[in-house]
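Below is one structure; the comments refer to it alone.
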Amino acid sequence: MTDEQHQFIEDFGQHMMGWGLPRTTGRVYGYLLLCQGSASLDEIVEALGIAKSGASVAARQLVQLGMARARGERGSRRLRYEALIGVDAIMTARTAQTRELLERLSQGARVAPPGPQRERLAEMVETLQQFVDEAPDILRQIRDRRQA
C-alpha cells in the first residue's frame, strides 16, 4: 500500500467519525474502496493492523448501511467483503442519518415555544424534507444524463 493510499484510508476513517461511526468502520470502507475485488477479514486485518473483532464489526456495519456486501467463499464459511461503489450506496446511508436528523428537528419544532425559533426549526424541517424527497430524482437525472 502506498503512503497516499494509507493516508486516504486514515482520512476516510476520520471522515466517517463525523457520521457517528467508529473510525475503524471508515478505515475498512476506505480500504475496500481501494481493493480490486473483495477482501476477507484476515486480509483487512493484515492491511490495516486492526483486531479481527474490530474488522468484523466494521464490515457488518458497512453491510447494514448498504455500503458494502458480503459474499461467501466457495468451499468455506469465510466471508469476503467488497465496497459498493456508487453514490447511491453512500446517499442511502446518509439519507438514513438525515431522516434521523429530520425527526429530531421535527421534535424541536413541535416543542419550541411559539416565535422565531419554532419558525426557523419548521423551515429547516421543510427544507430538509424537500431534500430527502427530491434526492432520488436528482440522482436519477444525473445517471440519465451520463447514459445519454
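Bear in mind these aren't lab numbers, they're just calculated from the coordinates by the rules spelled out. These numbers were taken from a predicted model, which means no experiment stands behind them.
A few notes on this one:
- Three-way shape label, the range 3-83, alpha-carbon gyration tensor, a/c 1.5: prolate
- The angle between the Cα long axis of helix 23-34 and the longest principal axis of the Cα atoms of the chain comes to about 60 degrees, rounded to the nearest 10.
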